[in-house]
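Working notes, beginning with the structure itself.
The values are calculated or read from the model by the stated rules, or taken from the named source; none is laboratory data. Keep in mind that what you see is a predicted model, and the values were worked out from it rather than measured. A quick note on method: Cβ atoms are made from the backbone with ideal geometry, for glycine too, and the neighbour counts reach across all protein chains shown.
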């Protein structure tokens, strides 16, 4: 098979990698770029453990070919935290027990990050609907929803204080 050079901007850094036509984005991220935050779960888009942001949209990287992402901007869980430490959303998951085993957590947080960008003041129903594509086998989702709502409240309070 002929490999193609693909260019990706991942978490703000530019990368060029050789990829086979059928190589999945999740494998490029984990095996070539050593970004092991996105996890390989079901490999069928059902679980969401591999969720990343691709050009401003949440995608399941286990069903995106790397060549489809050529020229894309990608954010993984590793790119959400800032230089000062954890993002408010990450801290909220920690404080409100939005994780247990942690396997789904990177995908959950990455999806929630996009959700809060799309809807900065979600209701509980909005969060449950927006997170429906990400599964957790350990929690009852209550603390995940609580974590996202608490982060939204904190982000909104900071935004209002700055205005």
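Applying the criterion of being farther than 15 Å from residue 59 by Cβ and touching a strand residue (DSSP E or B) at 6+ places or on another chain (Cβ under 8 Å) to the residues of the range 21-34, the residue that is surrounded by the most Cβ atoms within 10 Å (Cβ to Cβ) is 23. Identify, please: which residue in the range 70-95 is free of Cβ contacts under 8 Å to residues at least 24 places away in the same chain and assigned to a loop (DSSP other than H, G, I, E, B) and is, among those, nearest to the chain's Cα centre (by Cα)? Per the criteria, the residue is 81.
Return yes or no: is residue 40 within 16 Å of the chain's Cα centre (by Cα) and without any contact (Cβ under 8 Å) to a residue 60 or more places away in the chain? Yes, satisfied. Scanning the range 38-64 for residues being buried (at least 20 other Cβ atoms within 10 Å of the Cβ), in a loop (DSSP other than H, G, I, E, B) and on the phi < 0 side of the Ramachandran plot gives a total of 7.
Residue 134 meets all of the listed conditions (1) surrounded by fewer than 22 Cβ atoms within 10 Å (Cβ to Cβ); (2) touching a helix residue (DSSP H, G or I) at 6+ places or on another chain (Cβ under 8 Å); (3) within 21 Å of residue 63 (Cβ to Cβ) but one, namely (1). Residues in the range 100-118 that are assigned to a loop (DSSP other than H, G, I, E, B) and surrounded by 21 or more Cβ atoms within 10 Å (Cβ to Cβ): 1 in all. Would you confirm, using the coordinates I've provided, whether residue 67 is in a helix (DSSP H, G or I), under 19 Å from residue 43 (Cβ atoms) and either outside the structural domain of residue 45 (by TED's automatic domain parsing) or touching a strand residue (DSSP E or B) at 6+ places or on another chain (Cβ under 6 Å) (or both)? Yes; evaluated as a whole, the condition is true for this residue.
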